[in-house]
Structures are given as structure tokens and as C-alpha cells.
Amino acid sequence: MNTEQEIKVVDKYSAKNYKPLPVVLCEGNGIWVTDLEGNKYVDMLSGYSSLNHGHRHPKIINALIEQAGKITMTSRAFHNDKMGLFLQKLCDFSGFEKALPMNTGAEAVETAIKAARKWAKVNKNITDSEIIAFNDNFHGRTITAISFSSEKQYRDGFGPYTPGFVLANYGDIAGVEKLINEKTIAIILEPIQGEAGVIVPPKGFLKQVRDLCTKHEILMIIDEVQTGFGRTGKNFCYEHEGIKPDIVVVGKALGGGVYPVSAIICNDRIMSVFKPGDHGSTFGGNPLAAAIGIAALDVLVDEKMVENSAELGEYFLNKLKTIECDAIKEVRGNGLMIGLEIKKEYGGARKYCEALMEKGLLCKETHEQVIRFTPPLIITKQELDDAFNKINEVICEVSKQDK
């Protein structure tokens, strides 16, 4: 089938819960993807940070193939010979004592919430608990995750909602402290709000949240599903402020772009609240996932992808800020997680993404006005320069249309 035919089939049989760009990809290698007609594009989205290592990194693919030739699935009813090393590497990489493997980021968020609630019951005898989250957050699409979303569309028609959450304004530490009471057990937040438009909090905000959690003896839960594993130029984004949360939620890039792998990581004082039967996942920690996770962590470290993200992220961010166009409201980000916001009077970001697609760059709009640039961490300076030239050209050309 060609692109038009494939899209027609998908439209006929698929739920209309996505609005993808009109491109059908059939191959990927490194930073490059190819469509059905043989056109090549630079993937500047990276599967929302799932592809930090690029498409089909050979060492990760080899780990997948090798493990698939042995055993792929055991469930947690039995041990397997890969999970121990996987958990050890994840704990060594993050500096925590324990990890609990799951599959998707949303599952890991749910696991973190369950861990916090059980910890509060065991240690503080709190059952009617509250967790503070933030306006414009994105922690997944489950009923519980949307229950503390401020996005109307994410919630509309899906109630009743899970109780036990209150919302503060992102970056407003005084507002956060006002919400803390005897029922508060945790604060959950993204160190950069990705889906909200790559919103970077004020400098020192994460440290202030950490101090509040310590002061009130509540848990700090950081959702690093999109920001973790080098995306922002550090192993984890919270490291930019020299803090350590109580629970970290990870996913996406942990699966090396080939398989869903997620986890929560924390110290034993929290993880020990789980007893056999309290929580589980049939596929969580399966040997195929564990083998892929091991390879993904090894490649990230051995090939210095985090360092590349730090160096080239700063370079690319500064370069994007040199674009002289009235349509640009702001360019912001950290590492290779960058958002370029278009002023509303110049139209939504979608038409800019469609124009970039025609130039060979695949990006995606978020929150209507923001173009998100999150290329694989293996991208080179020359490739970023080439991407910049196309972005500069498109922003200037498209902003003049219908104006």
C-alpha cells in the first residue's frame, strides 16, 4: 500500500484518539526514518523520548534477538536470569536501593501512587490521603492519572474520578505549601512539563519542593518518564538542582525504543511496604524486557549519550534563539528537550510541523502553539545545523502566510 491507502485503512478501523501527521513510516535507523514512498526524514520527536538511543540501535537489537532466542516471558510467578542484573544496573545508574519493574509509564505512575499511599498507611496511619500535583501536568491516560489532570479534554466523559488529589500552579512554591495539611502524603511532578509545551520551572523550584517534602515528612515523586536517561543532559532532570527525590518514575527510553519497559526506583524504606500480593504485573520484569533494559543502560553510558545531550542541547537551544521572526514567542528547554512556542496570532504549531515534514523533519505540536524538538541523543552537530536551517526557513516562511 502507499501512504494514502494505508491512512484510509487506519481511519476505517482505528479509534480516532490520535491526529498523526500524514506520513506512514516503514523503516528507521539511527536518527532517520523512511516512509512508504522512500522519503527520508530526521526524527525530531524520538517517540516522545522513547528513542533516546535512536532507531534500532544495533546493540539493543542484538540483545533483543539473543534473548528472544532463549526465553521471552516467565511472569513473576518464577524468577528469570535477567531481571536481577537489570534491577542492579538500574539502581546503580540512579543511585537508589530498589526498583520495581513495570511496562508503561502510566503503569509506573500508578505504582508510585500505590507505593506512596501504602507508605503513608504503614508509617503515618493515614488512609484518607491527598497527593499534590500540578496544573498542566501529564502523567498518563489511566483513570487515576486523568483524575489529577487539569486538561478538560483528558477528563471529559471519563468520570467518576479517583479522589485524593489537589492541584497547585507549577512553579508556585507558596501555593504548594498552602495546600499541605495533615492528609498530605506526597507531591508528584515532572521536572519539565513535556506535554504542556516543554515548560521549565523557575530555577530552584525543584529544590524548594524537596525542602518542603523534607520539612513536612511527605514524599517527593518525580516523573522522569520523558525527561530521564539523558534527555535533558543529566542522567535524570532533577540532578540539575542537586536533589534526590523519594520515588522516581521511569519508562520510555528504558526500553531502548524497541519494547515497553518502566519502573519506579526508590530506597528500601519505601519499597519495603510492598508485600507479596500487594502489587504486580504479568509482563513486568520479563526476561525480554530486562535484557533490553540492560542493553539500553549500557549503551547510554558507554556511548556517552548523556554528555552529548548536554553539549549539543545547549548548542541547539542557543542556535534556535537566534531565529529572527516575530512569530516566535519563546524558545525554552534543557538538553535535547526543547520547545519553540508560536504566538497565537501566527496560527497553531500544527501547520509549522506539516511544513517541516515537507522539508524532511518530523516534529509534533503540543498544546496547540508549541513545536517540540527532542531528537535522538546520538544526533551530531552537523545534523543539528542542517535541521536548524530547515527550521529557520520554515518558521520564517509559514509565519508570513495568512498574516
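The values are calculated or read from the model by the stated rules, or taken from the named source; none is laboratory data. This one's a predicted model, so the numbers in the text were calculated from it and none came from an experiment. Virtual Cβ from ideal backbone geometry, glycine too; neighbours counted across all protein chains shown.
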Identify all residues within segment 123-146 that are touching a residue at least 24 places away in the same chain (Cβ under 8 Å), over 20 Å from Val209 (Cβ atoms) and out of contact with any Lys or Arg (no Cβ under 9 Å at 6 or more places or on another chain); write none if there are none.
-> Gly140, Arg141, Thr142, Thr144
Does Ala263 satisfy the criteria of being in the same structural domain as Asp136 (by TED's automatic domain parsing) and either touching a strand residue (DSSP E or B) at 6+ places or on another chain (Cβ under 8 Å) or over 30 Å from Glu368 (Cβ atoms) (or both)?
-> yes
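How do the helices (runs of 4 or more DSSP H) wholly within segment 1-70 filter down when requiring 1 or more residues that are farther than 17 Å from Glu383 by Cα, in the same structural domain as Ala253 (by TED's automatic domain parsing) and in contact with a helix residue (DSSP H, G or I) (Cβ under 8 Å, 6 or more places away or on another chain): which remain?
Details: elements: 3-13, 46-49, 58-68.
Here the list reads 58-68.
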Only unsatisfied item for Arg372, checking (1) within 21 Å of Ala253 (Cα to Cα); (2) of a type outside the set (Ser, Thr, Tyr); (3) not in a strand (DSSP E or B), is (3)
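Being of a type in the set (A, V, I, L, M, F, W, C) and touching a Ser or Thr at 6+ places or on another chain (Cβ under 9 Å) is the filter; apply it to segment 235-246 and report the residue that is nearest to Lys98 (Cα to Cα). Spell out how you get there, then give the answer.
Taking segment 235-246 first, the residues of a type in the set (A, V, I, L, M, F, W, C) are 236-237, 243.
Next, from what is left, pick out any that are touching a Ser or Thr at 6+ places or on another chain (Cβ under 9 Å): 236-237.
Working: Phe236: 17, Cys237: 20 Å.
Taking the candidates together, the pick is Phe236.
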Restricting segment 90-144 to residues that are more than 21 Å from Ile243 (Cβ to Cβ) and of a type in the set (Val, Ile, Thr), the one surrounded by the most Cβ atoms within 10 Å (Cβ to Cβ) turns out to be Thr111
Which residue, of Asn125, Asn80, Asn103, Asn62, is in contact with a Phe, Trp or Tyr (Cβ under 9 Å, 6 or more places away or on another chain) and of a type in the set (S, T, N, Q)?
-> Asn103
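Table: residues versus (1) surrounded by fewer than 24 Cβ atoms within 10 Å (Cβ to Cβ); (2) farther than 14 Å from Val109 by Cβ; (3) assigned by TED's automatic domain parsing to the domain that holds His367; (4) of a type outside the set (Gly, Ala, Ser).
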| residue | (1), (2), (3), (4) |
| --- | --- |
| Gly175 | yes, yes, no, no |
| Ile180 | yes, yes, no, yes |
| Ile188 | no, no, no, yes |
| Gly197 | yes, yes, no, no |
| Phe229 | no, yes, no, yes |
| Gly242 | yes, yes, no, no |
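Among the residues of segment 325-332, is there at least one that is part of a helix (DSSP H, G or I) and at pLDDT 95 or above? Quick ask: steps written out before the conclusion?
We begin by selecting, within segment 325-332, every residue part of a helix (DSSP H, G or I); these are none.
No, segment 325-332 has no match at all.
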At least 3 residues that are of a type in the set (Gly, Ala, Ser) and either modelled with pLDDT of 95 or more or within 18 Å of Phe96 (Cβ to Cβ) (or both) in each: list the helices (runs of 4 or more DSSP H) lying fully within segment 264-324 that qualify.
-> 287-302, 305-320
Among Gly175, Gly171, Gly204, which is touching a helix residue (DSSP H, G or I) at 6+ places or on another chain (Cβ under 8 Å), closer than 19 Å to Asp136 by Cα and modelled with pLDDT of 95 or more?
-> Gly171
